[in-house]
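Here's the structure, in structure tokens; my notes come after.
The values are calculated or read from the model by the stated rules, or taken from the named source; none is laboratory data. Quick caveat: nothing in here was measured; it's all calculated off a predicted structure. Cβ placement follows ideal geometry from the backbone for every residue including glycine, while neighbour counts extend to all protein chains displayed. Areas reflect the complete protein model, heavy atoms only, side chains present, ligands, DNA and RNA absent. Shrake-Rupley method; radii C 1.70, N 1.55, O 1.52, S 1.80 Å.
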Amino acid sequence: MKPTRQPKFLAVLLLGLLFSWSIQAQEKLRYTGPFQVASFVGEVDYTYQIIDGDTLLQGPFSMKRSNLDALLDQKDKTFSFTGAFENGFPNGPWNFQFGEFESDQKTEVVGFQYRVNVDGIQHQAQGDIQMGRPDGLWTISEQHIEDSEVKETLFQSQITYNNGVPQQSFRIEGKQSTLVGRFLRDGLAHDSWTLFGDESTETWSFNEGVLTQIRLNDTTIAVFQGPFKAARTINLDKRFSKILKLQLKKEQADGLRDGINKLLAENAAHYRKLDDILSQLGKSQFLPLFKAKVPYYPLDSLERNGLEAIQKEYGHSSKVAEGLLENTQLNLLRRSDNEAQFLYSAVEKFKVSFLDPLDKVVHFSELGILDYLDRDLLAQRLFPTGKPSTTIVIDESERTFAGPNANNFNFEGEVMEALSQMSSYAKVSLDQIAAILYEKVKNEQQQQEFVVLEEQMIAQINSLNQMVDSLDTSGTYGTAILHIKSIAENKLNAYSSSAATEGKLEEAKQLVPCLETLKSLSQNLAALPERELEIQESYKDAVWNPFMANLMEEEVKKRITSAYRNVLIPFIVDEASGELDYGKAGSLNRLLTELHERMLELREEDTHKLERKLRKEKNPNTILELFNLQPLEN
């Protein structure tokens, strides 16, 4: 027999299928339709590939949105992004446009097209991208449009990049000022960066990335004057701006608020908006890497341990202080309690003298700038009038507060160690103050609770007495109601005669609902005659009388009404006339309501079996069970 050749054929077929699938996986696919990126929703047209299970944009990309109806009705937000991708990276020429326009609703026909004039703001950015990074000249602009023409340029930046690194000279124009400067090949700021404004001139002088001085009009401010033990290159962003602000005196920093810093921040915001879009579409590092050098003062291991303790203790202390300062009860109490006012003022002092500076330290750590701050300079900026003392002067009478073991804390010495000591001292002091004040608030709250509860008690007993006085109490029901009134008054008298102990507030809290239940039970008993009439009318029916040859009203389901009238109601009234506590009064109260509702339901139900069972039954709890009601516990 010849050997079969089928296995070889199957292997060839399998290899062919795998090759086919591989080719298919690398084919470019196209998508057109609705799409969202960041906060932009519009129509998109792009090509992509699926490689190793990942979707990579590949080739031209276009996304846009505009709505003529929205424009004519009120205003329209338009946008258009066009460019290309290579292996998931933005690559090649890109053009971004964002607009927010409104129209005067006047149209004209030009050729075979309707035209409408618009007013609004147009943002545009264009340039080349090299594998996710800006490359070559990038121009970003913001323009005020009026009657479909550019009326004013509000912002424009022109920056040249080499693979994401800014190069050569740049220009950033604001509405009232223009910044010009230049970079070295590695992106470091260099030479003079000058802001020409309508009324002032501001110049930052860099030396290979180091900002040595700032000249504001006729004033020269020294900044980073070397030599430094160490320096680090960082981005010229918010972090650099914060380091610079701390390097200067407050009045100097305030003078720079609306200058170069502001224009750089505005430029960064435009780039960040583009980076948010590109980063969601593919792999992008579009933010401009403006670089500068700053002195470097790295925290050692002891300082880092102290910083961790500061962060933990500050978080605790700030919550304690905030809880005290915003406590409504405490704010009321301190107006009539001198010690509470004294301790409240101590908390305010701790917040200003200790917690606010520590908050800045924690914030600087979160920004990642503590390693770039000289420790002595940091202390000067945190405590411009000097470090606080463990003994705090509270008011004009020079009353002072000292926390637990105040003599064990030392705020002198190394800055980070001193800050750690301050953090620990603030924590133990605020914890001590909180314990005292919250105990005072607790006692005050209890007193206020007593007032509220006792006012409720008086109102309840007065309401019960008024109701009883308005009733005829000569019958059985009246006797039970008078008995309940007597129980309520005895309970209130016992409460008023009891000593003021820790348990008295709880006694008051229990007595209020008890009196309310006794009052409700009295009301239910007082309503029995009216309810009995309602039951009597409900259980009447027209019956043919053959002797009189007419219809006569007669009571139906007599065994049910008899059990209700002769067994259950007397039983409940008798229970209400005997020993009565809060629980039993509540049970009787609920039973009276539920029994009335059940009697009205039984009138409409088929009760033949029930009536047979009731024929000789006289036990009230058994009858309640037959009525599907909860028997009264003994």
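Please work out if Leu511 is surrounded by 14 or more Cβ atoms within 10 Å (Cβ to Cβ), at pLDDT 90 or above and out of contact with any Pro (no Cβ under 8 Å at 6 or more places or on another chain). Judged against the criteria, Leu511 is not a match. Scanning region 599-622 for residues that are within 20 Å of Glu534 (Cβ to Cβ), in a helix (DSSP H, G or I) and in contact with a helix residue (DSSP H, G or I) (Cβ under 9 Å, 6 or more places away or on another chain) yields Met599, Leu600, Leu602. Looking at Ala269 and the list (1) open to solvent by less than 40 Å² (accessible area, probe 1.4 Å); (2) assigned to a helix (DSSP H, G or I); (3) not acidic (Asp, Glu), which single condition is not satisfied? Of (1) open to solvent by less than 40 Å² (accessible area, probe 1.4 Å); (2) assigned to a helix (DSSP H, G or I); (3) not acidic (Asp, Glu), only one is false for Ala269: (1). Against the test of being within 41 Å of the chain's Cα centre (by Cα) and not small (Gly, Ala, Ser), the options Leu195, Leu184 yield a single qualifying residue, Leu195. Considering the conditions (1) modelled with pLDDT of 90 or more; (2) under 30 Å from Ile487 (Cα atoms); (3) open to solvent by 20 Å² or more (accessible area, probe 1.4 Å), Tyr582 is excluded by exactly one of them, (1). When each of Thr212, Thr219, Thr233 is tested for being open to solvent by 60 Å² or more (accessible area, probe 1.4 Å), of a type outside the set (A, V, I, L, M), in the same structural domain as Asp135 (by TED's automatic domain parsing) and within 17 Å of Leu248 (Cα to Cα), the lone residue that passes is Thr219. In region 317-403, counting only helices (runs of 4 or more DSSP H) that sit wholly within it, the ones holding 3 or more residues that are under 26 Å from the mean Cα position of the chain (by Cα) span 328-333, 356-367. Residues that are open to solvent by 70 Å² or more (accessible area, probe 1.4 Å) and in contact with a Phe, Trp or Tyr (Cβ under 8 Å, 6 or more places away or on another chain) within region 274-286 comprise just one, Lys283. For region 239-260, the tally of residues that are open to solvent by less than 50 Å² (accessible area, probe 1.4 Å) and either at pLDDT below 90 or outside any helix (DSSP H, G or I) (or both) stands at 5.
Being of a type outside the set (D, E, K, R) and over 29 Å from Ala434 (Cα atoms) narrows it down to one residue among Ile394, Ile369; which is it? Give the derivation first.
Numbers: Ile394 fails: over 29 Å from Ala434 (Cα atoms).
Unique residue meeting the criteria: Ile369.
Restricted to region 597-625, and to residues there that are hydrophobic (A, V, I, L, M, F, W, C) and without any contact (Cβ under 8 Å) to a residue 60 or more places away in the chain, the residue that is surrounded by the fewest Cβ atoms within 10 Å (Cβ to Cβ) is Leu610. Per this entry, Leu289 is counted among residues that are out of contact with any Phe, Trp or Tyr (no Cβ under 6 Å at 6 or more places or on another chain), assigned to a loop (DSSP other than H, G, I, E, B) and of a type in the set (A, V, I, L, M, F, W, C).
One residue stands out among those in region 146-201 that are of a type in the set (Lys, Arg) and touching a residue at least 12 places away in the same chain (Cβ under 8 Å): the one that is most open to solvent (accessible area, probe 1.4 Å), which is Arg185. Among the candidates Asn207, Asn235, the residue that is at negative phi, at pLDDT 90 or above, of a type in the set (S, T, N, Q) and under 36 Å from the mean Cα position of the chain (by Cα) is uniquely Asn235. Residues considered: Asn410, Asn443. Of these, the only one that is at pLDDT below 95 and part of a helix (DSSP H, G or I) is Asn443. Does region 526-533 contain any residue that is within 60 Å of the chain's Cα centre (by Cα), surrounded by fewer than 14 Cβ atoms within 10 Å (Cβ to Cβ), of a type in the set (D, E, K, R) and at pLDDT 90 or above? So far as region 526-533 goes, yes, one or more of its residues are within 60 Å of the chain's Cα centre (by Cα), surrounded by fewer than 14 Cβ atoms within 10 Å (Cβ to Cβ), of a type in the set (D, E, K, R) and at pLDDT 90 or above. Residue pairs whose Cβ atoms lie under 8 Å apart, separated by 6 or more positions or on different chains, with the first residue in region 548-575 and under 15 Å from Asn619 (Cα atoms) and the second at pLDDT below 90 and surrounded by fewer than 12 Cβ atoms within 10 Å (Cβ to Cβ), are Arg559/Arg615. Within region 105-145, being aliphatic (A, V, I, L, M), open to solvent by 40 Å² or more (accessible area, probe 1.4 Å) and in contact (Cβ under 8 Å) with a residue 40 or more places away in the chain holds for one residue alone: Met131.
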